[in-house]
Amino acid sequence: MDHFHYRNRELYCEEARVADIAERFGTPVFVYSKNTIVRNLKTLNEAFAPLDPLVCYSVKANSNLGILKLVAELGDGFDVVSGGELARVLRSGGVAEKTVFAGVGKTDSEIASALQAGVLMFNVESEEELAAIDRVATTLGMVAPVALRVNPDVDPKTHRYISTGKKESKFGMDIDRSLRLAEQATGMAGISMIGMHMHIRSQITTVEPYAHAADKGVEIIGKLRAMGHPIRWYNMGGGFGIAYRGGESKSIEAFAEEIVPRLKPLGCRMAMEPGRVVVGNAGILVSRVIYKKKSGDKRFLIQDAAMNDLIRPSLYEAFHKIWPVRMEEGGPDLPENFESEIPGTETWDVVGPVCESGDFLAKDRHLPEVHNQDLLATFSAGAYGMVMASNYNTRPRAAEVLVDGSEVQLVRRRETFEDLIGPELVALES
Ligand SMILES: *Cc1c(COP(=O)(O)O)cnc(C)c1O
């Protein structure tokens, strides 16, 4: 499984023993594999090479500065959705000229600082936003490069919270509205429309939605050019799915095979905004079992990672593989799939210490015999894990380490109680 593998029944990240990392930095801890990220970015660049791609890593998937620095060093770009994310990119050595700025609620001050930093383009999500960008740019005596975010109205067949490409979405505009707005934009002095953007949804596992979107995109770009807009970029957004269970998503190459020939005749450069596919399977969350508890027919495995560390199961009913970091002699191996009965396992709800019945990492999950203090690995936790972590229940957020071969670098220390109360301004007798 990427650069996470068992050797002598012990889990390793690249050449580093995960148990040693947990011992050294405590639990819960996110462990990232540098070489998995490097490989994923290389695969994307190579698969889409005929379209001269600019890979704009979607910062919201995992914004640790160590990861952003790595992406910047590899020469790839960024997709940001706030002034804060842009600041992270610039701080970690990323360049604005390779950064696209998306998001439905850009404020005037965010627009102004992105313009002054020199971002590649703004992905525009509404009429009012385009007017605001025009106004801010004109005031600054600048011209803002933009791409309209168009909803091709393809049904994504993904979880309703991560679907964005249908007509009735907060994001983007339907095709007719986009074309009307593009018509108006021809008269805006502060706007140069150089691209078209489509992000249909997240965790897409089949090629059809992209093929369908690309066909519509080609048509739309033809119309935009006919209005006089110098469209040079086709931004296909992000959304490539990953295997949370095993084998359920098409490969990057298979996506490219459908998309590249459709777009090649446009003569546009391709921008893409992959997040999950870059970092998702490059990270695990390591936790330690605290207690086991039986209530009625249910068995609960209480461990020290909770919904505040990884909210995807609670929020999206997402599936993450979970397996012991050390597999016992004679016990079952990490299964290829969790659908069928697994000999030698019992069924557990894997839960955390947070006071919510929605606090779980897995329900009715097959696991081999585990003991208190054993370590568990929750796989595919590199994307939308730490970035969505909170301090609910006054739980300090986890540590994060980046592994390169046998080298282990702490890229975010575990928070302390003092970190948590630092911003609170109450005079206390201490
Ligand atoms: C979230 C998001 C992405 C990244 O999505 P992934 O599914 O992680 O690839 C890219 N572009 C936009 C506009 C997004 O909102």
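The values are calculated or read from the model by the stated rules, or taken from the named source; none is laboratory data. Given the structure is predicted, the values throughout are model-derived calculations rather than measurements. FYI the Cβ positions are ideal-geometry reconstructions off the backbone, even for glycines, and counts take in every protein chain you see. When the accessible area is computed, the model is the full protein with side chains, heavy atoms only, and any ligands, DNA or RNA have been set aside. Shrake-Rupley method; radii C 1.70, N 1.55, O 1.52, S 1.80 Å.
As a summary of the residue check, Glu125 satisfies the conditions (1) within 16 Å of the ligand (Cβ to nearest atom); (2) surrounded by fewer than 22 Cβ atoms within 10 Å (Cβ to Cβ) except for the one numbered (2).
Take the residues in segment 272-310 that are of a type in the set (Val, Ile, Thr) and more than 15 Å from the ligand (Cβ to nearest atom); name whichever of them is nearest to Tyr32 (Cα to Cα). Residue satisfying both the conditions and the ranking: Ile284.
Open to solvent by 30 Å² or more (accessible area, probe 1.4 Å), in the same structural domain as Gly237 (by TED's automatic domain parsing) and at pLDDT 95 or above: is that true of Thr158 in this structure? No: the conditions fail for Thr158.
Exactly one residue out of Met193, Met236, Met198 is more than 21 Å from Ser169 (Cα to Cα) and among the hydrophobic types (A, V, I, L, M, F, W, C): that is Met193. Could you list, ordered by first residue, the pairs with Cβ atoms under 9 Å in which the first is in segment 38-61 and more than 24 Å from Val81 (Cβ to Cβ) and more than 16 Å from the ligand (Cβ to nearest atom) and the second is open to solvent by 50 Å² or more (accessible area, probe 1.4 Å) and assigned to a helix (DSSP H, G or I), at least 6 apart or interchain? Listed by first residue and then by second, the contacts come to Glu46/Glu253; Pro50/Pro261; Pro50/Lys264. Is it true that some residue in segment 276-298 is surrounded by fewer than 21 Cβ atoms within 10 Å (Cβ to Cβ), of a type in the set (A, V, I, L, M, F, W, C), over 24 Å from the mean Cα position of the chain (by Cα) and part of a loop (DSSP other than H, G, I, E, B)? No, the conditions are met nowhere in segment 276-298. Consider segment 195-209 and keep the residues that are away from the ligand (no atom under 12 Å from the Cβ) and open to solvent by less than 10 Å² (accessible area, probe 1.4 Å). The one that is nearest to Val150 (Cα to Cα) is Met196. A search for C-beta distances below 6 Å between a residue of segment 236-256 that is within 25 Å of Met121 (Cα to Cα) and any residue that is basic (Lys, Arg) and not in a loop (DSSP other than H, G, I, E, B), counting only pairs 6+ apart in sequence or on different chains, returns Gly239/Arg201.
If you scan segment 299-319, which residues turn out to be open to solvent by less than 30 Å² (accessible area, probe 1.4 Å) and under 23 Å from the mean Cα position of the chain (by Cα)? The answer is Ala305, Ala306, Asn308, Asp309, Leu310, Arg312, Pro313, Ala318. Within segment 190-201, residues that are within 21 Å of Ala132 (Cβ to Cβ) sit with their Cβ atoms under 6 Å from residues that are open to solvent by 10 Å² or more (accessible area, probe 1.4 Å) and near the ligand (Cβ under 10 Å from one of its atoms), at 6+ positions apart or across chains, in these pairs: His197/Arg149. Here is a check on your reading of the model: is Thr164 surrounded by 19 or more Cβ atoms within 10 Å (Cβ to Cβ), β-branched (Val, Ile, Thr) and at pLDDT below 95? Yes. Tell me which residues, restricted to segment 228-271, are under 30 Å from Thr378 (Cβ atoms), away from the ligand (no atom under 16 Å from the Cβ) and assigned to a loop (DSSP other than H, G, I, E, B). Those that are under 30 Å from Thr378 (Cβ atoms), away from the ligand (no atom under 16 Å from the Cβ) and assigned to a loop (DSSP other than H, G, I, E, B): Arg245, Gly246, Gly247.
Results for (1) in the same structural domain as His371 (by TED's automatic domain parsing); (2) not charged (D, E, K, R), shown as yes or no for each residue.
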site	(1), (2)
Tyr210	no, yes
Ala214	no, yes
Glu257	no, no
Pro261	no, yes
Val286	yes, yes
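Against the condition open to solvent by less than 60 Å² (accessible area, probe 1.4 Å), assigned to a helix (DSSP H, G or I) and within 23 Å of Ile259 (Cβ to Cβ), how does Ile67 come out, does it pass?
Against the criterion (open to solvent by less than 60 Å² (accessible area, probe 1.4 Å), assigned to a helix (DSSP H, G or I) and within 23 Å of Ile259 (Cβ to Cβ)), Ile67 does not qualify.
Candidates are the residues of segment 80-107 that are of a type in the set (Val, Ile, Thr) and in contact (Cβ under 8 Å) with a residue 60 or more places away in the chain; the one that is most open to solvent (accessible area, probe 1.4 Å) is Val104.
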